[in-house]
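*Asks:* I have a structure I would like to understand better, so I am pasting it below and will then ask my questions one at a time.
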Amino acid sequence: MTEIDVDTNLGGQPDSPAAESAAPFHPAFVNDQAAAWMGVELVRAEFGDVVIRMRLRDEMLNGFGMAQGGMIFAFADVAFALACNDPHGDGSTITVASGVDVNFMNPGFSGRQLTATATLVNQTGRSGLFDIRVTQESGSGEEILAEFRGRSRTVPNPAAKKH
């Protein structure tokens, strides 16, 4: 079996004091068209520690006038993908979902800001476990919208083989 390094930068920026004080950056976020369409904002981006935000829009609602579960799942999945890929890695590997479980706690409504916080629970070799909590602003403060648990697997980056 081939040993795979879990350093998973997708071509990110160099480490420098100026880079550390700049806005959050993750190379996997740069060309993420789904995240761009959803209006996702990157708040914090470190390996195993990611925070993103987005505002729910009308076109993200289901027939009952609340957030479509698939939209909440996709939002949490963006945080998951960013958390399990090191923004400072060398790009030779990527980490992808091998499975997820999601539990929806409360309905989301148009105009509300959602926050997803992704945290590394455990990593052993090429396998990882991450928790992503999706919250929303509400009249009484912040409430949990969904809990997402993701299982990850690090694999060779197919794009790196093209070069």
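*Asks:* How big is the charge dipole of the chain about its Cα centre, in debye rounded to the nearest 20, if each Lys and Arg gets +1 on its Cβ and each Asp and Glu gets -1 on its Cβ? Intermediate results must be reported in sequence, preceding the final value.
*Replies:* Values: 12 positive and 20 negative charges, 80 e Å.
Roughly 380 debye, rounded to the nearest 20.
*Asks:* Rounded to the nearest 0.05, what FRET efficiency do D90 and E137 give with R0 = 30 Å and r taken as the Cβ-Cβ distance? Could you check?
*Replies:* E between D90 and E137, to the nearest 0.05, is 0.20.
*Asks:* Now for a separate question. Just to confirm the number: angle between the C-alpha axis of helix 69-83 and the first principal axis of the chain, 0 to 90 degrees, nearest 10?
*Replies:* 30
*Asks:* Further question: Once you've got the GNM for the chain with C-alpha springs shorter than 10 Å, pick whichever of Q136, Q123, Q33 has the biggest mean-square fluctuation.
*Replies:* Greatest mean-square fluctuation among the candidates belongs to Q33.
*Asks:* Now a separate question. For a Förster distance of 25 Å, can you work out the FRET efficiency between the beta-carbons of V155 and V102, rounded to the nearest 0.05?
*Replies:* The pair V155/V102 has a calculated efficiency of 0.65.
*Asks:* How many nm separate the modelled label positions at L129 and V30, each set 7 Å beyond the Cα in the direction of the Cβ?
*Replies:* The two pseudo-label positions are separated by 3.4 nm.
*Asks:* Okay, moving on. Given H placed 1.01 Å from N in the peptide plane, which residues other than close sequence neighbours of L145 have an amide H under 5 Å from its amide H?
*Replies:* Answer set, sorted by chain and number: V134, T135, Q136.
*Asks:* Also: Which peptide among 142-154, 51-63 comes first, and what is the full order, when sorted by highest mean count of other Cβ atoms within 10 Å?
*Replies:* Working: 142-154: 18.8, 51-63: 16.2.
Going from most to least packed, we get 142-154, 51-63.
*Asks:* Let me ask something additional. Restricting the calculation to Cα positions, tell me the Rg (one decimal) and the Dmax (whole number) of the stretch 41-89 in Å.
*Replies:* 13.0, 43
*Asks:* Scattering from the C-alpha atoms of the stretch 20-163 alone, worked out with Debye: what is log10 I(q)/I(0) at q = 0.10, 0.11, 0.13 1/Å?
*Replies:* So the normalised log intensities are -0.34, -0.41, -0.56.
No lab work stands behind these numbers, since they all come straight from the coordinates. From a predicted model like this one, the values you see are computed outputs, not experimental measurements. Don't worry about glycine lacking a Cβ; one is built from the backbone with ideal geometry, like all the others, and counts go over all protein chains shown.
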